[in-house]
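Since the structure comes first, as structure tokens, the remarks are kept for the end.
We did not get these values from a lab; they are worked out from the coordinates using the rules stated. Since the structure is predicted, the reported quantities are computational estimates derived from the model, not experimental observations. For neighbour counting, all protein chains shown are included, and Cβ atoms are generated from backbone atoms with ideal geometry for every residue, glycine included.
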Amino acid sequence: MSKLTYEDKINLYNDRKSGLSIPSLVSKYNIRHEVVEYLIRLIDKHGLDILRTTKNKYYPPYQKEQIINRVLINKESRNSVAIDEGLPSSGMLANWIKKYQEMGYNIVERKRGRSPTIMPKNNKPKVQETIEEENERLKKENLYLKAELEYSKKLRAVVQARKNQQQKKK
């Protein structure tokens, strides 16, 4: 499956209008027939300008919800709604609907870009531990570390036993 360039999409449309069949376009461009049909219908409805995108289009939450409601409430087909709205692919609408249903019928905007790498602030003042509390905390920590050490020893022993067994088989 290859991603089509702007020129490929124009050529595909022109080839179809010149009389090439959809199966021949599928083999020529190495894409699924649903994609060919969708592109042809999209360009027929909106013209070649719908393909000219320099960056990803932003769809605000209220617009997404209106589009999703056309499918879920008005029972329109996903393809026809996607073509009417000029979405780049019908899969985009399918993903919106899936996430909408997973999120309990709420539209949640995902944050874009890299998350800030700000160090966590430790503004809480340290509460002074009493000696008994500190001893108790240290005992628990010590027990945890001993258990972790025992686990790693047993894991190493198992790995070593498997290596020895494999060497004996050879």
Per-pair calculated FRET efficiency, R0 = 25 Å: Asn74 and Asp44 via Cβ, rounded to 0.05: 0.65
For the chain the translational diffusion coefficient, Stokes-Einstein from a Kirkwood Rh over Cα pairs at 37 °C and viscosity 0.692 mPa s, in µm²/s, is roughly 145 µm²/s
Compactness of region 1-52, expressed as Rg and Dmax over alpha-carbon positions, Å: 10.0, 26
Loop GluC sites (Glu not before Pro), region 1-110, which have at most 12 other Cβ atoms in a 10 Å radius of their Cβ (DSSP): Glu109
Suppose the chain between Asp84 and Glu134 were pulled fully straight at 0.36 nm per residue; how much longer would it get relative to their current alpha carbon spacing? 11.3 nm
Region 1-92: trypsin sites (Lys or Arg not before Pro) in DSSP coil with no more than 15 other Cβ atoms inside 10 Å: Lys3, Arg32, Arg52, Lys55, Lys57, Lys75
Only loop residues by DSSP count here, and only those with at most 11 other Cβ atoms within 10 Å; note down the chymotrypsin sites (Phe, Trp or Tyr not before Pro) in region 1-62 that meet that. Tyr58
Calculated from DSSP helices alone, with each H run of at least 4 adding -39500 (n - 2.57) and the total divided by the residues of the chain, [θ]222 nm to the nearest 500 comes to -20500 deg cm²/dmol
Under 19 Å from Lys45, Cα to Cα: lysines that are on another chain or at least 8 residues apart: Lys9, Lys17, Lys57
Residue separation between Ser21 and Gln160 times 0.36 nm, minus their alpha-carbon distance, gives in nm 43.8 nm
